[in-house]
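The values are calculated or read from the model by the stated rules, or taken from the named source; none is laboratory data. Being a predicted model, the structure only gives us computed values, none of them experimental. Note: ideal-geometry Cβ built from the backbone for every residue, glycine included; neighbour counts use all protein chains shown. Heavy atoms of the whole protein, side chains included, go into the accessibility calculation; ligands, DNA and RNA do not. Shrake-Rupley method; radii C 1.70, N 1.55, O 1.52, S 1.80 Å.
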Amino acid sequence: MAFLADALSRVKPSATIAVSQKARELKAKGRDVIGLGAGEPDFDTPDNIKQAAIEAINRGETKYTPISGIPELREAIVRKFKRENNLDYTAAQTIVGTGGKQILFNAFMATLNPGDEVVIPTPYWVSYPEMVALCGGTPVFVATTQENKFKLTPADLDRAITPKTKWFMFNSPSNPSGAAYSHDELKALTDVLVKHPHVWILTDDMYEHLTYGDFKFATPVEVEPTLYDRTLTMNGVSKAYAMTGWRIGYAAGPLNLIKAMDMIQGQQTSGACSIAQWAAVEALNGTQAFIPENKKIFEGRRDLVVSMLNQAKGIECPSPEGAFYVYPSCKGLIGKTAPSGKVIETDEDFVSELLESEGVAVVHGSAFGLGPNFRISYATSEAQLEEACKRIQRFCAACK
Ligand SMILES: Cc1ncc(COP(=O)(O)O)c(C=O)c1O
């Protein structure tokens with residue numbers, strides 16, 4: 001009898017964490033490494049939010065909370081969805097989890113049976129297929145193209161849906177491509193979903209507040225209210241409020257699904273950290289002033305990175321609408337010889353040669369299901385980004 005569960009043979013470790021680990025190892029050996037792999041804002045959590053947590057500790061808010069979250073946070077979530085997305089939910093239709101990651105995991109755990117399919121556009125956030133596989137489901141990938149700015153076409157979505165499709169996994173703005181769907185682009189997808197009433201929609205709106213220029217964020221139920229009864233709208237405080245370590249995510253959706261997720265959570269974590277929940281109440285109810293300030297900084301960095309990467313020989317970098325990632329193609333470098341003498345055959349070769357040669361850590365596109373590309377997180381200082389892009393330009397020029 002095998003000791004480890006069969007389910008483990010279906011999952012891979014996170015490629016993004018592996019890149020950060022490799023960069024740390026090289027740094028420890030004294031190498032000058034710029035890490036552009038991390039998916040978290042480099043800003044500190046705003047003071048009003050930290051203060052709310054300190055006050056919660058001092059008030060003695062240090063006990064177990066209700067499984068789905070403290071009433072104050074669930075009410076704040078209800079208000080957030082109304083205020084920002086024009087969506088109506090009751091507090092009972094919301095749930096708080098230990099990060100958005102746990103919300104997604106519990107939703108899959110609560111609904112997937114062997115053979116159930118989850119349609120996932122590529123490039124995808126690395127955890128979607130692994131979570132689906134761990135929960136016994138089957139990920140079904142649908143490729144996007146760089147020409148279409150990494151956005152799924154309605155026809156491709158329609159083709160991917162089968163009688164076994166349980167969920168359509170939607171993420172806009174996207175990790176890793178930064179692509180975000182406008183209202184009209186999303187409407188074209190929801191029109192397809194309306195035709196398939198057995199398909200549920202799991203929308204990961206984690207990067208809602210990080211969109212640039214005059215782009216306006218939209219979420220599926222806002223665009224197509226008839227999907228209300230089969231959509232789980234997930235969001236969190238990690239990215240918008242620079243709170244990755246606090247581990248608070250949340251969702252709203254149909255009551256029967258929320259109850260099932262509550263049951264799982266009750267046997268699993270008993271609920272998210274009480275202090276972090278009080279911090280999240282302040283994040284959602286308190287001043288939102290730093291969101292536009294941070295957006296401005298991120299937008300400046302995006303423009304810098306896109307412009308410098310497009311000056312690198314063999315790299316093509318579209319300018320995405322949101323998140324803090326770009327997803328350039330390194331197709332022009334495939335087949336070339338790196339300074340080490342190794343021929344670059346894949347995007348994985350490209351990123352590993354770049355790291356060895358110039359000490360710049362990025363993540364290969366094949367880890368996100370679409371290549372030859374690579375992901376750069378620009379959640380780091382402009383000075384670091386400028387230096388990293390100069391090194392990438394130098395590396396690409398040196399590949400013959
Ligand atoms: C698209 C996407 N969804 C969900 C998450 C998870 O967020 P959290 O830190 O709240 O678990 C991430 C974090 O990297 C993400 O990029």
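Calculated accessible area for the range 62-285 comes out at 36 Å² per residue, all protein chains present (probe 1.4 Å; ligands, DNA, RNA ignored). Solvent-accessible area of the range 62-285 (1.4 angstrom probe, protein heavy atoms only): carbon and sulfur portion equals 57 percent. Met169 sits with roughly 0 Å² accessible to a 1.4 Å probe, with DNA, RNA and ligands left out of the calculation. Accessible area of Asp158 (1.4 Å probe, protein heavy atoms only, ligands and nucleic acids ignored): about 50 Å².
The alpha carbon convex hull volume per residue for the chain rounds to 156 Å³. If you sort Arg59, Arg375, Arg31 by accessible surface, 1.4 Å probe, largest first, the order is Arg59, Arg31, Arg375. Protein-only accessible surface at a 1.4 angstrom probe places the residues Trp278, Trp167 in the order Trp278, Trp167, largest first. Of all DSSP-defined beta bridges confined to the range 62-285, some 30% are antiparallel rather than parallel. Note that the range 58-119 shows a convex hull volume over its alpha carbon atoms of 131 Å³ per residue.
Take the Cα pairs of the range 236-278, get the Kirkwood Rh, then feed it into Stokes-Einstein at 4 °C and 1.567 mPa s and tell me D in µm²/s.
113 µm²/s
Of the listed residues Val343, Val11, the order by accessible area with a 1.4 Å probe, largest first, is Val343, Val11. Ser340 sits with roughly 80 Å² accessible to a 1.4 Å probe, with DNA, RNA and ligands left out of the calculation. For the range 172-280, DSSP calls about 50 percent of its internal beta bridges antiparallel. For the range 32-122, chymotrypsin sites (Phe, Trp or Tyr not before Pro) are listed when DSSP marks them as loop and at most 15 other Cβ atoms sit within 10 Å of their Cβ; the list is Phe43, Tyr64. At what distance in angstrom do the alpha carbon centres of the range 341-389 and the range 112-165 lie from each other? With the range 341-389 and the range 112-165 each reduced to a Cα centre, they are spaced 25 Å.
Return the carbon/sulfur percentage of the accessible area of the range 1-44, one whole number, probe 1.4 Å, all protein chains in place.
On the way: 1890 of 3200 Å².
Reported share for carbon and sulfur atoms: 59 percent.
Mean projection of the Cα convex hull over all viewing directions, computed for the range 239-328: 8.6 nm². For the range 62-285, the average shadow cast by the Cα convex hull is 11.3 nm², which is a quarter of the hull's surface. Its residues counted as N, the range 318-387 yields a C-alpha radius of gyration over 2.2 N^0.38 Å of 1.12.
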